[in-house]
Amino acid sequence: MRCLSNTLRGQKGSVLAVGLLTLALLTLIGIAATTTSTLESQVAGNDRQQKEAFYAAEVALVVGENVVATLPNRAELQEDTKPGRYARGTQPAWDELNWDDTDSEAVLTDAIPQGLRQVAANPRYTIEERLFRRDSYTIGIGVPTGVYQFNITGRGTGGDATAEAVLQTIFAMRYD
């Protein structure tokens, strides 16, 4: 019995030391988990902002395509007289555009889906004639026919103006 009692006396503080080490380790794990979840929350928020900007730019492209599709003829594009409409080769590069009422046209709020109405700014678009491709289709005497191609550029923002997406498409249209 005497040996057992001497052994136990030598280990009286070890339970406290092991308990404190375990508590410190669990605290570090808790802090790491909190930091990770905060970071993941920020990443998810940034992803949402970028998706909103992308979808807003898509809306701008669709509106620009609809404008071109509803023009009765090519002359109605009225390039260089309406904001955001450019003749071939005259549109500034997308990163040089001011994306305001002088350089582009805004999408009306009614045309923006309800889920995207919280974006920082209404989506905007530009239309530029890309080229005219003649074809063998003939109307009347000597009237050249063909297909016009247009560069349509759309810009959208997320809920925060720092999230920005710029998309471009080529849209073809035949005017008779």
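The values are calculated or read from the model by the stated rules, or taken from the named source; none is laboratory data. It should be emphasised that the depicted structure is a prediction, and the values quoted were computed from it without experimental measurement. All Cβ positions, glycine included, derive from the backbone under ideal geometry; neighbour counts span all protein chains shown.
Tell me, yes or no, whether the range 94-110 has at least one residue that is of a type in the set (Gly, Ala, Ser) and closer than 26 Å to Asn46 by Cβ.
yes
Criterion first (crowded, with 17+ Cβ neighbours inside 10 Å and out of contact with any Pro (no Cβ under 6 Å at 6 or more places or on another chain)) does Ile152 satisfy it?
When the stated conditions are applied, Ile152 passes them.
Could you run through the range 81-98 and say how many residues are under 29 Å from Pro144 (Cβ atoms) and either exposed (fewer than 10 other Cβ atoms within 10 Å of the Cβ) or of a type in the set (Gly, Ala, Ser) (or both)?
Of the residues in the range 81-98, 4 are under 29 Å from Pro144 (Cβ atoms) and either exposed (fewer than 10 other Cβ atoms within 10 Å of the Cβ) or of a type in the set (Gly, Ala, Ser) (or both).
Is at least one residue of the range 44-56 in contact (Cβ under 8 Å) with a residue 40 or more places away in the chain, within 30 Å of Tyr175 (Cα to Cα) and of a type in the set (A, V, I, L, M, F, W, C)?
Yes; the residues of the range 44-56 include at least one that is in contact (Cβ under 8 Å) with a residue 40 or more places away in the chain, within 30 Å of Tyr175 (Cα to Cα) and of a type in the set (A, V, I, L, M, F, W, C).
Is there any pair linking a residue in the range 150-165 that is under 30 Å from Gln78 (Cα atoms) to one that is of a type in the set (Lys, Arg) and buried (at least 19 other Cβ atoms within 10 Å of the Cβ), with Cβ under 6 Å and at least six apart or on different chains, and which?
Arg155/Arg124
Are any of the residues in the range 99-121 buried (at least 21 other Cβ atoms within 10 Å of the Cβ) and more than 18 Å from the chain's Cα centre (by Cα)?
Checked against the condition, which is being buried (at least 21 other Cβ atoms within 10 Å of the Cβ) and more than 18 Å from the chain's Cα centre (by Cα), the range 99-121 yields no hits at all.
Quick check on the range 122-138: of everything there that is surrounded by 13 or more Cβ atoms within 10 Å (Cβ to Cβ) and basic (Lys, Arg), which residue is modelled with the highest pLDDT?
Looking at the filtered set, the residue picked out is Arg124.
Determine, yes or no, whether Val68 is of a type outside the set (S, T, N, Q) and touching a residue at least 60 places away in the same chain (Cβ under 8 Å).
On the way: of a type outside the set (S, T, N, Q): yes; touching a residue at least 60 places away in the same chain (Cβ under 8 Å): yes.
For Val68, the condition - of a type outside the set (S, T, N, Q) and touching a residue at least 60 places away in the same chain (Cβ under 8 Å) - is met.
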